[in-house]
Amino acid sequence: MFFRAIILPAAIVSVALVSAGGAQPAALVLRGATLIDGTDRPPLANATVVLTKGWITAVGAGTEVAIPRGARVVDLAGKFLLPGFIEMHGHLAIAAWEIDSSGPQRVLRYPYDEVATQELTRSQLAFGITTVRNPAAPTKEGVSLRDRVRRGELVGPRIFTSGAPLDRAPGNAAVDRVTTEAEVRAAVARQAAAGVDLIKLYSTLDSALTKAGIDEAHRLGLPAVAHLWLTSWTDAANARIDGITHIIVSNQNLLPEPRRAEYQKSIRGGQFMYDWFKHADFDGPEIRSMIDAVVRNRLTIDPTLVAFEWTVWQDDSTFYPEESNRYVPPTFAAKMAAFMRLGRWSDEDRASARAQIPRMQELARRLYQAGVPLTVGTDAANPWTYHRELELLAGAGIPNAEVLKMATRNAAISLRRTSEFGTVEPGKRADLVVLDADPIADIKNTRRIGWVIQDGRMARPQDYLPERLRGR
């Protein structure tokens, strides 16, 4: 679905509306759309939603809702109104910096690029993303980016950010390196003092270091999430971690014992993340116990299926069209492709990895069926791929209506902000998206965005695009 489908003409309105970043009307009334409110309630036809000073103040059917005197009324008949989308794995800070792929470890470096940053933050709104969790950023720069958007110095989504991930990996400039429990606790305390919203724990921490990070984060009132490998999902869940990023389980102890040795042979490069799925038994005791622990401890999981699909298909223009990279800065798109390159993989390796995407989808479906709140994220700052993630979740066999809740309400649950956003109800922020077609009938219709509303400001998607993309 090309972006020109997103910017199809929207409803005729009764008055001129606010452009991106402009002043808010005293009251804005959205009338006539079918409301998909992010709750368990069925869609409400011919809904009326009143927005006042950036907040939702009334929701109801048809003429049941009183129109405030002097309000601006927007006719949205035939449209679909939803909560703004929430990106739970958007590296807005890292994505603005150059990626050095010249060395064997392909570490990240951070020469700041203001133009790229502004383009990345604005492009999220063009795709209906009104809130982003940024779960890995250079600590100072991540907090600064969040605060600049909050102060209105940059146009962009509401951001919740971690600092640099805590990890043992030597030589990786992108992490806050720790090797002992004392160092873990000290790093968490430093990041808390710097003002982060959450702590990110990374893949080479063992169970003891992971637990130390969780405990210290909770002591300081912060949630902890992790990209796991050496610590199993089961151990992290029982240590009361708040969330797990990525569907890749990777830990050998969660495989049937006879298959572990063969799996160990594939731990090279990034291929092991895919190979784990070749050996996993989703009906075996290891995975059943893992899912039980995740459910019992009320974790949220952010699968980022699209990150793994994109990695193994991004070189195939028939699968990922040129358009898929159009909405990030061109220099970033090129650097990201180099960073994720699979040049060391044989054709057989690549084919094997591609074959594991359905297995990843199957695990996501099983987590959903077990009652695990899944969320929607991309492991990038590319908003085009956010909508591909919705398609992959729906393609896993999860009903479209449930996928939409993952993109809205479940994310608010994970961020501990259900009183603020994630559903369309009185008392919530006026963060909304208007679609030209029904996303429950076809999840691809989430790309058909007519209007984006953030804090009560209503704008066309193209208003947020850089000049190089206007009119395309």
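The values are calculated or read from the model by the stated rules, or taken from the named source; none is laboratory data. Given the structure is predicted, the values throughout are model-derived calculations rather than measurements. All Cβ positions, glycine included, derive from the backbone under ideal geometry; neighbour counts span all protein chains shown.
The C-beta contact set for segment 437-458 (first residue within 22 Å of Glu425 (Cβ to Cβ), second residue part of a helix (DSSP H, G or I) and β-branched (Val, Ile, Thr), distance under 6 angstrom, 6+ apart or interchain) comprises Pro439/Thr446.
So that you can scan it fast, the table gives a plain yes or no per residue for (1) in the same structural domain as Ala364 (by TED's automatic domain parsing); (2) buried (at least 22 other Cβ atoms within 10 Å of the Cβ); (3) under 24 Å from Ser162 (Cα atoms):
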position	(1), (2), (3)
Ala380	yes, yes, yes
Glu389	yes, yes, yes
Gly397	yes, no, no
Val403	yes, yes, no
Met406	yes, yes, yes
Thr446	no, yes, no
Gln454	no, yes, yes
Arg460	no, no, no
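Just name the residue that is modelled with the highest pLDDT out of those in segment 155-177 that are more than 20 Å from the chain's Cα centre (by Cα) and more than 16 Å from Pro138 (Cβ to Cβ). If we take residues in segment 155-177 being more than 20 Å from the chain's Cα centre (by Cα) and more than 16 Å from Pro138 (Cβ to Cβ), then Arg168 is modelled with the highest pLDDT.
The numbered conditions (1) surrounded by fewer than 16 Cβ atoms within 10 Å (Cβ to Cβ); (2) within 19 Å of Met88 (Cα to Cα); (3) not basic (Lys, Arg) are all true for Ala186 except (2). Within segment 355-392, the only residue that satisfies the criterion of being among the basic types (Lys, Arg) and either at pLDDT below 90 or in contact with a Gly (Cβ under 6 Å, 6 or more places away or on another chain) (or both) is Arg365. Whether any residue in segment 414-427 is under 30 Å from Trp233 (Cα atoms) and over 17 Å from the mean Cα position of the chain (by Cα) is what I want to check. So far as segment 414-427 goes, yes, one or more of its residues are under 30 Å from Trp233 (Cα atoms) and over 17 Å from the mean Cα position of the chain (by Cα). Of the listed requirements (1) crowded, with 17+ Cβ neighbours inside 10 Å; (2) in contact (Cβ under 8 Å) with a residue 40 or more places away in the chain; (3) not in a helix (DSSP H, G or I), Leu228 misses just one: (2). Scanning segment 95-116 for residues that are in contact with a Phe, Trp or Tyr (Cβ under 9 Å, 6 or more places away or on another chain) and at pLDDT 75 or above turns up just one, Ala116.
Applying the condition of being over 30 Å from the mean Cα position of the chain (by Cα) and not in a helix (DSSP H, G or I) to segment 256-269 and asking which residue is nearest to Phe308 (Cα to Cα) yields Lys265. Here segment 21-51 is the region considered, the condition is being surrounded by 19 or more Cβ atoms within 10 Å (Cβ to Cβ) and within 18 Å of Ala459 (Cβ to Cβ), and the residue that is modelled with the lowest pLDDT is Pro25.
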